[in-house]
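Okay, so here's the structure we're looking at.
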Amino acid sequence: MLRDALHGLTVIDFTQIGAGPTCTMLLADMGARVIKVEPPGGELGRGLGPGWIGDDAALFHGFNRNKLGVALDLKAPDGIAVARRLSAGADIVVESMRPGVMDRLGLGYAALAEAHPSLIYCSISAYGQHGPYAHRAGVDGIMQADSGLMSLIGTPDGEPCKVQAPVVDVMTGYVACMGILAKLAQRSRDGQGGHLDVSLFNAALALQQSSLTSFCADGQAPQRVGSAAPYSAPNQAFRTADGWLMVAAYMPERWRRLCEVLGLQTLADDPRFATSPLRVANRAAMVDALSRAFGTRPTDTWLALLQQADILCAPVATYDDVMAHPQLAANGMLQTVPHPTLGGIRMPGFPINSARENARPARPAPACGEHTEAVLGQLGYSGDDIARLRASGAIHCADVADSAATAA
(Lines give C-alpha, C1' and ligand atoms only; values in the text may rest on other atoms or scores of the structure.)
Protein backbone atom coordinates (compact mmCIF):
# COMPACT_ATOMS: atom_id res chain seq x y z
CA MET A 1 0.00 0.00 0.00
CA LEU A 2 1.11 3.58 -0.62
CA ARG A 3 0.38 4.26 3.05
CA ASP A 4 3.53 2.23 3.81
CA ALA A 5 5.68 3.30 0.85
CA LEU A 6 7.90 5.68 2.84
CA HIS A 7 8.06 3.66 6.05
CA GLY A 8 11.42 4.05 7.74
CA LEU A 9 12.06 7.59 6.49
CA THR A 10 12.18 10.50 8.92
CA VAL A 11 11.06 14.00 7.92
CA ILE A 12 11.64 17.14 9.98
CA ASP A 13 8.93 19.69 9.18
CA PHE A 14 9.77 23.37 9.82
CA THR A 15 6.73 24.63 7.87
CA GLN A 16 3.42 26.28 8.69
CA ILE A 17 0.00 27.25 7.32
CA GLY A 18 -0.68 25.53 3.95
CA ALA A 19 2.00 24.76 1.36
CA GLY A 20 4.66 23.11 3.52
CA PRO A 21 2.18 21.26 5.74
CA THR A 22 0.46 19.87 2.62
CA CYS A 23 3.79 18.48 1.43
CA THR A 24 4.70 16.90 4.75
CA MET A 25 1.16 15.59 5.28
CA LEU A 26 1.41 13.71 1.99
CA LEU A 27 4.77 12.27 3.05
CA ALA A 28 3.20 11.23 6.36
CA ASP A 29 0.20 9.75 4.54
CA MET A 30 2.67 7.57 2.62
CA GLY A 31 4.26 6.26 5.80
CA ALA A 32 7.11 8.64 6.60
CA ARG A 33 7.73 9.56 10.23
CA VAL A 34 7.09 13.31 10.12
CA ILE A 35 8.12 15.41 13.11
CA LYS A 36 6.46 18.81 12.98
CA VAL A 37 8.47 21.55 14.68
CA GLU A 38 6.44 24.52 15.97
CA PRO A 39 7.22 27.48 18.20
CA PRO A 40 6.03 27.04 21.81
CA GLY A 41 2.85 29.03 21.09
CA GLY A 42 2.01 26.98 18.01
CA GLU A 43 2.25 27.75 14.31
CA LEU A 44 0.21 30.48 12.59
CA GLY A 45 -2.14 27.99 10.98
CA ARG A 46 -3.64 27.07 14.36
CA GLY A 47 -5.29 30.50 14.51
CA LEU A 48 -6.63 30.81 10.96
CA GLY A 49 -10.38 30.43 11.47
CA PRO A 50 -13.34 30.52 11.30
CA GLY A 51 -13.79 26.85 11.14
CA TRP A 52 -12.65 25.58 14.55
CA ILE A 53 -12.09 22.12 15.97
CA GLY A 54 -11.43 22.50 19.66
CA ASP A 55 -9.08 25.44 20.18
CA ASP A 56 -7.39 25.12 16.80
CA ALA A 57 -8.47 26.08 13.30
CA ALA A 58 -9.95 23.32 11.17
CA LEU A 59 -7.35 24.34 8.57
CA PHE A 60 -4.58 23.17 10.92
CA HIS A 61 -6.21 19.80 11.48
CA GLY A 62 -6.77 19.40 7.74
CA PHE A 63 -3.09 19.91 6.87
CA ASN A 64 -1.31 18.12 9.73
CA ARG A 65 -2.67 14.62 10.21
CA ASN A 66 -0.28 11.72 10.79
CA LYS A 67 2.48 13.93 12.23
CA LEU A 68 4.31 14.03 15.55
CA GLY A 69 4.48 17.43 17.25
CA VAL A 70 7.59 18.99 18.82
CA ALA A 71 7.66 22.59 20.10
CA LEU A 72 11.01 24.41 20.07
CA ASP A 73 11.99 28.05 20.54
CA LEU A 74 14.31 28.70 17.60
CA LYS A 75 15.18 32.08 19.08
CA ALA A 76 16.91 30.28 21.94
CA PRO A 77 20.34 28.66 21.45
CA ASP A 78 19.21 25.51 23.22
CA GLY A 79 16.16 25.29 20.96
CA ILE A 80 18.36 25.60 17.88
CA ALA A 81 20.68 22.92 19.24
CA VAL A 82 17.75 20.51 19.59
CA ALA A 83 16.62 21.33 16.04
CA ARG A 84 20.12 20.57 14.72
CA ARG A 85 20.17 17.27 16.53
CA LEU A 86 16.74 16.40 15.13
CA SER A 87 17.82 17.29 11.60
CA ALA A 88 21.09 15.37 11.84
CA GLY A 89 19.20 12.08 11.95
CA ALA A 90 16.63 12.93 9.29
CA ASP A 91 16.27 11.76 5.71
CA ILE A 92 14.33 14.85 4.68
CA VAL A 93 14.02 18.41 6.00
CA VAL A 94 11.24 20.68 4.74
CA GLU A 95 11.21 24.37 5.69
CA SER A 96 9.17 27.42 4.70
CA MET A 97 11.08 30.31 6.27
CA ARG A 98 12.06 33.37 4.26
CA PRO A 99 15.24 32.68 2.28
CA GLY A 100 18.29 33.11 4.53
CA VAL A 101 16.55 32.56 7.87
CA MET A 102 17.49 28.89 8.22
CA ASP A 103 21.07 29.71 7.20
CA ARG A 104 21.30 32.30 9.98
CA LEU A 105 20.06 29.71 12.46
CA GLY A 106 22.66 27.21 11.33
CA LEU A 107 19.86 25.01 10.00
CA GLY A 108 20.28 25.73 6.28
CA TYR A 109 21.12 23.12 3.67
CA ALA A 110 24.83 23.90 3.50
CA ALA A 111 25.30 23.58 7.25
CA LEU A 112 23.35 20.34 7.59
CA ALA A 113 24.57 18.65 4.40
CA GLU A 114 28.24 19.11 5.29
CA ALA A 115 27.98 16.27 7.77
CA HIS A 116 24.96 14.64 6.15
CA PRO A 117 25.41 14.57 2.33
CA SER A 118 22.48 12.21 1.78
CA LEU A 119 20.03 14.73 3.28
CA ILE A 120 17.17 15.85 1.05
CA TYR A 121 16.37 19.43 1.95
CA CYS A 122 13.31 21.19 0.53
CA SER A 123 12.90 24.96 0.88
CA ILE A 124 9.42 26.36 0.20
CA SER A 125 9.15 30.12 -0.20
CA ALA A 126 7.04 32.75 -1.93
CA TYR A 127 9.25 33.50 -4.93
CA GLY A 128 12.23 31.15 -4.63
CA GLN A 129 15.65 31.21 -3.02
CA HIS A 130 17.23 33.51 -5.62
CA GLY A 131 16.23 36.48 -7.76
CA PRO A 132 14.99 40.04 -7.18
CA TYR A 133 11.87 38.95 -5.25
CA ALA A 134 13.50 36.22 -3.14
CA HIS A 135 13.39 38.39 -0.01
CA ARG A 136 9.64 38.97 -0.28
CA ALA A 137 7.09 37.08 1.76
CA GLY A 138 3.88 35.88 0.18
CA VAL A 139 0.77 33.82 0.85
CA ASP A 140 -1.79 32.08 -1.33
CA GLY A 141 -3.88 35.17 -2.17
CA ILE A 142 -0.84 37.31 -2.96
CA MET A 143 0.43 34.61 -5.30
CA GLN A 144 -2.96 34.29 -6.99
CA ALA A 145 -2.73 38.02 -7.71
CA ASP A 146 0.94 38.33 -8.65
CA SER A 147 1.01 35.26 -10.89
CA GLY A 148 -1.88 36.47 -13.03
CA LEU A 149 -4.24 33.75 -11.80
CA MET A 150 -6.63 36.27 -10.26
CA SER A 151 -6.96 38.07 -13.58
CA LEU A 152 -8.65 34.95 -14.99
CA ILE A 153 -11.30 34.58 -12.31
CA GLY A 154 -14.66 36.33 -12.20
CA THR A 155 -17.11 37.92 -14.62
CA PRO A 156 -16.21 40.46 -17.33
CA ASP A 157 -17.50 43.50 -15.44
CA GLY A 158 -16.92 42.23 -11.92
CA GLU A 159 -14.05 42.76 -9.53
CA PRO A 160 -11.08 40.37 -9.55
CA CYS A 161 -11.76 37.22 -7.56
CA LYS A 162 -9.58 34.58 -5.95
CA VAL A 163 -10.22 30.89 -5.68
CA GLN A 164 -11.50 30.58 -2.13
CA ALA A 165 -9.77 27.25 -1.57
CA PRO A 166 -6.00 27.89 -1.19
CA VAL A 167 -5.16 26.29 -4.52
CA VAL A 168 -1.67 27.78 -4.79
CA ASP A 169 -0.71 26.55 -1.33
CA VAL A 170 -1.99 23.06 -2.05
CA MET A 171 -0.45 22.95 -5.53
CA THR A 172 2.89 24.04 -4.05
CA GLY A 173 2.66 21.28 -1.46
CA TYR A 174 2.07 18.67 -4.14
CA VAL A 175 4.93 20.05 -6.26
CA ALA A 176 7.27 19.92 -3.24
CA CYS A 177 6.22 16.36 -2.45
CA MET A 178 6.77 15.36 -6.09
CA GLY A 179 10.25 16.87 -6.01
CA ILE A 180 11.12 15.04 -2.80
CA LEU A 181 9.92 11.71 -4.20
CA ALA A 182 12.01 12.27 -7.35
CA LYS A 183 15.04 13.11 -5.20
CA LEU A 184 14.50 9.95 -3.14
CA ALA A 185 14.57 7.91 -6.35
CA GLN A 186 17.78 9.64 -7.42
CA ARG A 187 19.33 9.13 -3.99
CA SER A 188 18.60 5.42 -4.19
CA ARG A 189 20.98 5.31 -7.19
CA ASP A 190 23.81 7.64 -6.17
CA GLY A 191 23.41 8.05 -2.39
CA GLN A 192 23.39 11.84 -2.64
CA GLY A 193 20.79 14.21 -1.28
CA GLY A 194 20.30 17.76 -2.45
CA HIS A 195 18.50 21.07 -2.06
CA LEU A 196 15.08 21.58 -3.65
CA ASP A 197 13.90 25.15 -4.29
CA VAL A 198 10.08 25.22 -4.48
CA SER A 199 8.09 28.46 -4.70
CA LEU A 200 4.44 29.42 -4.55
CA PHE A 201 5.04 31.68 -7.54
CA ASN A 202 6.25 28.84 -9.76
CA ALA A 203 3.41 26.58 -8.63
CA ALA A 204 0.87 29.32 -9.40
CA LEU A 205 2.35 29.68 -12.89
CA ALA A 206 2.20 25.90 -13.39
CA LEU A 207 -1.52 26.01 -12.58
CA GLN A 208 -1.93 28.26 -15.63
CA GLN A 209 -0.16 26.02 -18.14
CA SER A 210 -2.90 26.30 -20.76
CA SER A 211 -3.68 30.01 -20.47
CA LEU A 212 -0.04 31.14 -20.25
CA THR A 213 0.90 28.95 -23.21
CA SER A 214 -1.95 30.51 -25.20
CA PHE A 215 -0.77 33.99 -24.26
CA CYS A 216 2.79 33.16 -25.31
CA ALA A 217 1.42 31.97 -28.65
CA ASP A 218 -0.72 34.96 -29.62
CA GLY A 219 -0.14 37.71 -27.05
CA GLN A 220 -3.86 37.98 -26.36
CA ALA A 221 -4.62 38.59 -22.68
CA PRO A 222 -7.31 36.21 -21.41
CA GLN A 223 -10.64 37.74 -20.51
CA ARG A 224 -12.69 36.94 -17.42
CA VAL A 225 -15.60 34.83 -18.61
CA GLY A 226 -17.16 33.61 -15.37
CA SER A 227 -17.72 29.85 -15.40
CA ALA A 228 -16.94 29.54 -19.11
CA ALA A 229 -13.77 28.06 -20.56
CA PRO A 230 -11.90 30.57 -22.73
CA TYR A 231 -10.80 27.88 -25.19
CA SER A 232 -14.08 26.02 -25.86
CA ALA A 233 -17.85 26.48 -25.99
CA PRO A 234 -20.29 25.60 -24.69
CA ASN A 235 -18.33 24.76 -21.57
CA GLN A 236 -19.89 26.69 -18.70
CA ALA A 237 -22.67 26.85 -16.11
CA PHE A 238 -26.24 27.68 -17.09
CA ARG A 239 -29.07 28.74 -14.80
CA THR A 240 -31.94 26.27 -14.71
CA ALA A 241 -35.42 26.73 -13.28
CA ASP A 242 -34.14 25.89 -9.79
CA GLY A 243 -30.33 26.08 -9.78
CA TRP A 244 -27.22 25.87 -11.95
CA LEU A 245 -25.91 23.21 -14.29
CA MET A 246 -22.39 22.92 -15.70
CA VAL A 247 -22.36 21.68 -19.28
CA ALA A 248 -19.42 20.73 -21.52
CA ALA A 249 -20.67 20.09 -25.05
CA TYR A 250 -17.99 21.61 -27.25
CA MET A 251 -17.17 18.35 -29.06
CA PRO A 252 -18.92 18.30 -32.48
CA GLU A 253 -21.21 15.34 -31.82
CA ARG A 254 -22.11 16.49 -28.31
CA TRP A 255 -22.87 20.01 -29.53
CA ARG A 256 -25.36 18.61 -32.02
CA ARG A 257 -26.95 16.32 -29.42
CA LEU A 258 -27.23 19.23 -26.97
CA CYS A 259 -29.14 21.26 -29.53
CA GLU A 260 -31.47 18.30 -30.10
CA VAL A 261 -32.12 17.79 -26.36
CA LEU A 262 -32.87 21.50 -25.94
CA GLY A 263 -35.12 21.61 -29.00
CA LEU A 264 -32.75 24.06 -30.71
CA GLN A 265 -31.91 22.15 -33.90
CA THR A 266 -31.55 25.42 -35.81
CA LEU A 267 -28.50 26.28 -33.67
CA ALA A 268 -26.76 23.11 -34.78
CA ASP A 269 -27.03 24.27 -38.40
CA ASP A 270 -26.20 27.93 -37.71
CA PRO A 271 -22.84 28.74 -39.37
CA ARG A 272 -21.93 31.02 -36.44
CA PHE A 273 -21.77 27.96 -34.21
CA ALA A 274 -20.36 25.37 -36.61
CA THR A 275 -17.15 24.79 -34.63
CA SER A 276 -15.96 25.35 -31.06
CA PRO A 277 -13.71 28.29 -32.08
CA LEU A 278 -16.69 29.91 -33.83
CA ARG A 279 -18.86 29.32 -30.79
CA VAL A 280 -16.17 30.96 -28.63
CA ALA A 281 -16.14 33.94 -31.00
CA ASN A 282 -19.94 34.17 -30.93
CA ARG A 283 -20.32 33.14 -27.31
CA ALA A 284 -22.81 35.85 -26.31
CA ALA A 285 -25.41 34.86 -28.93
CA MET A 286 -24.95 31.16 -28.21
CA VAL A 287 -25.26 31.61 -24.44
CA ASP A 288 -28.38 33.74 -24.82
CA ALA A 289 -30.15 31.01 -26.78
CA LEU A 290 -29.00 28.17 -24.52
CA SER A 291 -29.79 30.06 -21.32
CA ARG A 292 -33.40 30.69 -22.32
CA ALA A 293 -33.86 26.97 -22.97
CA PHE A 294 -32.15 25.79 -19.76
CA GLY A 295 -34.27 28.17 -17.70
CA THR A 296 -37.46 26.33 -18.57
CA ARG A 297 -36.82 23.16 -16.54
CA PRO A 298 -35.26 22.19 -13.21
CA THR A 299 -31.72 20.89 -12.87
CA ASP A 300 -32.61 17.25 -12.22
CA THR A 301 -34.75 17.09 -15.37
CA TRP A 302 -31.92 18.44 -17.52
CA LEU A 303 -29.40 16.13 -15.83
CA ALA A 304 -31.43 13.06 -16.77
CA LEU A 305 -31.91 14.20 -20.36
CA LEU A 306 -28.32 15.25 -20.90
CA GLN A 307 -26.84 12.14 -19.32
CA GLN A 308 -29.10 9.97 -21.48
CA ALA A 309 -27.63 11.76 -24.50
CA ASP A 310 -24.05 11.30 -23.19
CA ILE A 311 -23.50 15.04 -22.74
CA LEU A 312 -21.02 15.95 -20.01
CA CYS A 313 -22.80 17.78 -17.22
CA ALA A 314 -23.00 18.19 -13.47
CA PRO A 315 -24.96 20.30 -11.02
CA VAL A 316 -23.06 23.16 -9.39
CA ALA A 317 -22.85 21.43 -6.02
CA THR A 318 -22.86 22.99 -2.59
CA TYR A 319 -20.74 21.43 0.14
CA ASP A 320 -23.92 19.83 1.51
CA ASP A 321 -24.33 18.21 -1.89
CA VAL A 322 -20.70 17.07 -1.89
CA MET A 323 -21.08 15.43 1.52
CA ALA A 324 -23.97 13.38 0.11
CA HIS A 325 -22.22 12.57 -3.17
CA PRO A 326 -22.26 8.80 -3.73
CA GLN A 327 -18.79 8.84 -5.31
CA LEU A 328 -17.34 10.50 -2.20
CA ALA A 329 -18.19 7.39 -0.20
CA ALA A 330 -17.18 5.00 -2.99
CA ASN A 331 -13.73 6.61 -3.23
CA GLY A 332 -13.28 6.75 0.54
CA MET A 333 -12.38 10.43 0.28
CA LEU A 334 -14.20 11.56 3.43
CA GLN A 335 -11.96 10.31 6.20
CA THR A 336 -12.84 10.37 9.89
CA VAL A 337 -9.70 10.83 11.99
CA PRO A 338 -10.17 9.71 15.60
CA HIS A 339 -9.06 12.24 18.21
CA PRO A 340 -8.59 11.43 21.91
CA THR A 341 -10.50 14.49 23.15
CA LEU A 342 -12.37 15.91 20.15
CA GLY A 343 -14.02 12.78 18.81
CA GLY A 344 -13.95 12.01 15.09
CA ILE A 345 -12.65 14.77 12.83
CA ARG A 346 -13.88 14.54 9.25
CA MET A 347 -11.66 15.72 6.41
CA PRO A 348 -10.69 14.80 2.83
CA GLY A 349 -8.43 11.76 2.81
CA PHE A 350 -5.46 10.57 0.77
CA PRO A 351 -6.41 11.08 -2.91
CA ILE A 352 -4.64 8.08 -4.52
CA ASN A 353 -6.39 4.68 -4.38
CA SER A 354 -8.59 6.45 -1.90
CA ALA A 355 -10.99 3.82 -0.55
CA ARG A 356 -8.22 1.33 0.17
CA GLU A 357 -5.63 3.83 1.37
CA ASN A 358 -8.04 5.61 3.73
CA ALA A 359 -9.35 2.44 5.34
CA ARG A 360 -6.61 2.65 7.97
CA PRO A 361 -7.37 5.43 10.50
CA ALA A 362 -5.01 8.38 10.38
CA ARG A 363 -3.32 9.94 13.39
CA PRO A 364 -4.84 13.34 14.27
CA ALA A 365 -2.87 16.56 14.02
CA PRO A 366 -0.69 16.89 17.13
CA ALA A 367 -1.27 19.29 19.98
CA CYS A 368 1.51 21.87 20.16
CA GLY A 369 4.48 20.04 21.67
CA GLU A 370 2.52 16.81 22.12
CA HIS A 371 5.50 14.56 21.34
CA THR A 372 8.38 16.80 22.40
CA GLU A 373 9.35 14.73 25.42
CA ALA A 374 9.08 11.39 23.62
CA VAL A 375 11.01 12.50 20.53
CA LEU A 376 13.78 14.10 22.58
CA GLY A 377 14.01 10.94 24.66
CA GLN A 378 14.53 8.94 21.47
CA LEU A 379 17.31 11.37 20.51
CA GLY A 380 19.13 10.50 23.75
CA TYR A 381 18.14 13.43 25.94
CA SER A 382 17.82 12.41 29.58
CA GLY A 383 14.91 13.31 31.81
CA ASP A 384 17.06 15.94 33.49
CA ASP A 385 18.03 17.40 30.10
CA ILE A 386 14.40 17.66 29.07
CA ALA A 387 13.42 19.23 32.40
CA ARG A 388 16.20 21.82 32.03
CA LEU A 389 15.20 22.67 28.46
CA ARG A 390 11.57 22.91 29.48
CA ALA A 391 12.36 25.20 32.41
CA SER A 392 14.42 27.50 30.17
CA GLY A 393 11.59 27.80 27.63
CA ALA A 394 13.67 26.29 24.82
CA ILE A 395 11.11 23.51 24.43
CA HIS A 396 7.42 23.08 25.16
CA CYS A 397 5.85 19.79 26.20
CA ALA A 398 2.07 19.43 25.97
CA ASP A 399 0.40 17.42 28.69
CA VAL A 400 -1.43 14.97 26.43
CA ALA A 401 -2.12 11.44 27.63
CA ASP A 402 -0.33 8.65 25.78
CA SER A 403 1.72 11.00 23.59
CA ALA A 404 4.88 9.01 24.29
CA ALA A 405 3.20 5.85 23.08
CA THR A 406 2.34 7.44 19.72
CA ALA A 407 5.80 8.89 19.01
CA ALA A 408 7.22 5.76 17.42
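The values are calculated or read from the model by the stated rules, or taken from the named source; none is laboratory data. Please read these numbers as outputs of a predicted model, since none were measured by experiment. Note: ideal-geometry Cβ built from the backbone for every residue, glycine included; neighbour counts use all protein chains shown. Side chains are part of the model used for accessible areas, which takes the heavy atoms of the whole protein and leaves out ligands, DNA and RNA. Shrake-Rupley method; radii C 1.70, N 1.55, O 1.52, S 1.80 Å.
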Task: Most to least packed among 154-166, 136-148 [average Cβ atoms within 10 Å] - done: 136-148, 154-166
Task: Modelled FRET efficiency - R0 60 Å, L379 with A329, Cβ distances, 0.05 increments - done: 0.90
- [ ] Net charge near R3: determine it from the other residues with C-beta under 11 Å of the C-beta of R3, scoring Lys and Arg +1 and Asp and Glu -1.
- [x] -1
Open item on the list: Counting only protein heavy atoms and a 1.4 Å probe, tell me what percentage of the stretch 71-195's accessible area is made up of carbon and sulfur.
Closed with: 58 percent
TODO: Run the quick spin-label model on A145 and S188: label points 7 Å from Cα toward the beta carbon, then report their separation in nm to one decimal.
DONE: 4.4 nm
TODO: List the residues whose amide H sits under 5 Å from the amide H of V93, counting only those 5 or more places along or on another chain, with H placed 1.01 Å from N in the peptide plane.
DONE: I12, I120, Y121, C122
Task: Size of charge dipole - the chain - debye, nearest 20, with Cβ of Lys, Arg +1 and Asp, Glu -1, no other charges - done: 480 debye
Open item on the list: Checking the table K36/K162; K67/K183; K75/K183 against a 23 Å threshold on Cα-Cα, which pairs fail?
Closed with: K36/K162; K75/K183
Task: Mean projection area, nm², convex hull over Cα of the stretch 1-52 - done: 4.2 nm²
Task: Overall dimensions of the stretch 60-146 as given by Cα atoms, namely Rg and Dmax in Å - done: 14.5, 41
TODO: Towards the positive end of the charge dipole of the stretch 299-408, with charges on Cβ (+1 Lys, Arg; -1 Asp, Glu), say which of T372, G344, T318 has the farthest Cα.
DONE: T372
Task: Extent along principal axes [Cα atoms of the stretch 272-352; Å; largest to smallest] - done: 63, 27, 21
Open item on the list: Give the residue list of trypsin sites (Lys or Arg not before Pro) in the stretch 8-116 that are DSSP loop and have at most 16 other beta-carbon atoms within 10 angstrom.
Closed with: K75
TODO: Normalising by the residue count of the chain, find the relative contact order in percent from Cα pairs under 8 Å and 6+ residues apart.
DONE: 17 percent
Task: Hz values of 3J(HN,Hα) by residue in the stretch 213-229 - Karplus curve (6.51, -1.76, 1.60), Gly and Pro given as x - done: 5, 5, 5, 4, 6, 10, x, 8, 5, x, 9, 6, 10, x, 7, 6, 8
Task: Backbone HN-Hα couplings from phi across the stretch 172-178 [Karplus 6.51/-1.76/1.60, Hz, Gly and Pro as x] - done: 4, x, 5, 4, 4, 4, 4
Task: Radius 12 Å from Cβ of I124, net charge of other residues (Lys, Arg +1; Asp, Glu -1) - done: -3
TODO: Output the relative contact order of the stretch 45-172, whole-number percent, from Cα pairs under 8 angstrom with separation of 6+ residues.
DONE: 14 percent
Open item on the list: Modelling each spin label as a point 7 Å along the Cα-to-Cβ direction, I'd like the E159/L205 distance in nm, to one decimal.
Closed with: 2.9 nm
Task: Helix 299-308 axis, angle to the chain major axis (alpha carbon atoms, nearest 10°) - done: 80 degrees
Task: Total formal charge among the other residues, if their Cβ is under 11 angstrom from that of L105, Lys/Arg +1 and Asp/Glu -1 - done: +1
- [ ] Using just the helices of the chain, give the 222 nm mean residue ellipticity in deg cm²/dmol: DSSP H runs with n ≥ 4 each add -39,500 (n - 2.57), and the total is spread over all residues, rounded to 500.
- [x] -11000 deg cm²/dmol
- [ ] Kindly report the accessible area of the chain per residue (heavy atoms of protein chains, probe 1.4 Å, no ligands, DNA or RNA), in Å².
- [x] 48 Å²
